[in-house]
1. Can you say whether Gly101 is of a type in the set (Gly, Ala, Ser), within 27 Å of Ile147 (Cα to Cα) and open to solvent by 30 Å² or more (accessible area, probe 1.4 Å), as far as the supplied structure shows?
2. Which is exposed (fewer than 15 other Cβ atoms within 10 Å of the Cβ) and assigned to a loop (DSSP other than H, G, I, E, B), of Gln245, Gln329?
3. Of the residues in the stretch 336-369, how many are in contact with a Cys (Cβ under 8 Å, 6 or more places away or on another chain) and open to solvent by less than 50 Å² (accessible area, probe 1.4 Å)?
4. For Lys312, all conditions in the list (1) open to solvent by 70 Å² or more (accessible area, probe 1.4 Å); (2) farther than 20 Å from Asp272 by Cβ; (3) basic (Lys, Arg) hold save one; what is the number of the exception?
5. Do you know which of the residues in the stretch 260-280 that are modelled with pLDDT under 95, part of a loop (DSSP other than H, G, I, E, B) and not hydrophobic (A, V, I, L, M, F, W, C) is farthest from Phe291 (Cα to Cα)?
6. Take Leu93 and decide whether it is of a type in the set (A, V, I, L, M, F, W, C), surrounded by fewer than 14 Cβ atoms within 10 Å (Cβ to Cβ) and either at pLDDT below 95 or part of a loop (DSSP other than H, G, I, E, B) (or both).
7. Considering only residues that are in contact (Cβ under 8 Å) with a residue 60 or more places away in the chain and assigned to a loop (DSSP other than H, G, I, E, B), which ones fall in the stretch 202-230?
8. Quick test for you: out of Ala233, Ala163, Ala189, pick the one residue that is touching a residue at least 60 places away in the same chain (Cβ under 8 Å), open to solvent by less than 30 Å² (accessible area, probe 1.4 Å) and assigned to a helix (DSSP H, G or I).
Amino acid sequence: MSTSGYKNIAFRIGAFAVLLACAVWQMWFSYLEQKDFSDRSEQTLTTDTRNFRALTHSAKQQYMLEADLDSAMSLLQRALTLNPSYVPAWLSLAELNNDLGQKEKAYAILQHVDLLTEGLKRWRWDKALTAYQLGKLELLPEELRYIIQEFRGKERNDALQLAFTLWEEPGDLLENIGNENINHLLGHAVRKKLVQPALFFWRSMEAAGVAWQQKEGLALLDMLLQVGEVQEAASIWRKHFNPDQLLFNGDFSQPFSGQAFDWRTGKKQNFDQLIQTDLQGGTARSMHYRFKGWENINFAHLSQIVPLEGGKTYTLTAEMKSQKMTTNQRPFLEVLGYKCKAPVKMSEMVAPDQDWTQHQVTVDVPEECNAMVIRLRRKESTHIDSKLAGQLWLRNFNLVEMAEVSLAPDTQQR
C-alpha cells in the first residue's frame, strides 16, 4: 500500500475518534443537565413555600416513603399557613397525628374538615377514608350514603365495597346506606355474586314497590343461574318476565337480550343469521341461517334455558324449512339438562330440501333438574364433503307439558 493510502486510513481513524469523543461528551453533558433539572425540581417541591399543593405533596412523600414524620409535619403546617382551607393538607395532618398517637387531636382536625366541607361534594370520599382510618365509624353511614347516591364510577364502587366490608348483614347495610341506594346495593351484590344479599335487596325492593330497570332484573337472574340458584331465578322470571308460557319469545317477536331465560346466540362464524318478518303480516318472525360451505361446523348457536319442573314430561315443537343443505350432518333440535344430568334428546335432522315442517322432541325432565336447555344443533361430519352449506329457516317454537296418563284400572261401575 502506498504512503498516501496509509495517510488516508490514519485520517479516517482520527476523524472517527474525534466524532466518538464528541458523542460521549454530548451524552455526559445531557446527563448532567437532566440531573441538575431533576435536582432543582425535587428541591422546588420541598422548599417552595408559596405552593401549598406542592408542600402537601412533599409532606406525603416524606411521610409515606421516607417515614420522616417531623419533616412531614413541618411541610403540612407551612401549607396550611398559606391556605388554611386546603382540605387535603388537613386530612393528611389528621392521619399524621393519628399515627403519632394523638387520637383526640386527629379527630378534632377531622371535625374541622367536616365544617370546611359542609355542603360540598368535593373531598367527601377522602374524608370518609380518613374517618375510617381514624376508627370513627359513626361518621361513615352519612358519608357513604351521600357518596353512593351522588357519585359515579370508581368512587361509588369503592364506597360500596367499604360499606359491604363494614356491615356484613344486608339488613344493616340497608339501614346504614338507605333505601334511596337500594338499587346500587343490589347491583354491587350481583357483580360480586353475593346471593343472599342480592335476594334480600331484591325482595325488599319488591315489598316497597321500588322501581327497577329490566337490565337490573336480568343481571340478577344471570348471576343466580351462574351460581346454580335456578329455582330462585325461575321464580323471579315467571313473576316479572314470562308469567304465561314455558318457553319465552318462541315467535321471535321480541329482540334477544342474551340473558337469563331469553334466547342466546353465540359468535357467528362462517354463516349469516337474520331474523325475517312474516311476509303475511303480524308480529311472528322466522330465524334465517345461511351456511357458506367454508367449514365443517360443530354448531350450537341458538339456545334458551327454560325453567321446568322435575319429574314431568314436555314436548318441544318448532317448524323448520331448508334449501340446498349439504353433508350427512344437518341441523336438528336438541334438549339437555342445565346444571344437572339428563339424557340428551334430539329431533330428526332437517332434510336437504324441505318446506315448513314441524320437528318435535319429547323431554322427560329428571327429578333433580329445574331447567333444561333447548338449542339448534349440528354435529361435525366425518365424510369427505363435510363443509356445511345451504339455508335454514326456523319459526314457531313452543313447549307444552304433557298430561299424565293414569295407569290405574277403571273401577267405575257401568
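The values are calculated or read from the model by the stated rules, or taken from the named source; none is laboratory data. All of these numbers come straight from a predicted model, not from anything done at the bench. Counting neighbours? That spans all protein chains shown, and the Cβs are built from the backbone with ideal geometry, glycine included. All accessible areas refer to the heavy atoms of the entire protein, side chains included, with ligands and DNA or RNA removed. Shrake-Rupley method; radii C 1.70, N 1.55, O 1.52, S 1.80 Å.
1. Taking the combined requirement at face value, the residue does not satisfy it.
2. Working: Gln329 fails: exposed (fewer than 15 other Cβ atoms within 10 Å of the Cβ).
Residue meeting the stated conditions: Gln245.
3. Summing the residues that are in contact with a Cys (Cβ under 8 Å, 6 or more places away or on another chain) and open to solvent by less than 50 Å² (accessible area, probe 1.4 Å) in the stretch 336-369 gives 6.
4. The single condition Lys312 does not satisfy is (1).
5. This residue is Gln280.
6. Details: of a type in the set (A, V, I, L, M, F, W, C): yes; surrounded by fewer than 14 Cβ atoms within 10 Å (Cβ to Cβ): no; either at pLDDT below 95 or part of a loop (DSSP other than H, G, I, E, B) (or both): yes.
Here the answer is no, as Leu93 does not meet what is asked.
7. Of all residues in the stretch 202-230, those in contact (Cβ under 8 Å) with a residue 60 or more places away in the chain come to 225, 228, 230.
Within the stretch 202-230, Gly228 is the sole residue that qualifies.
8. Ala233
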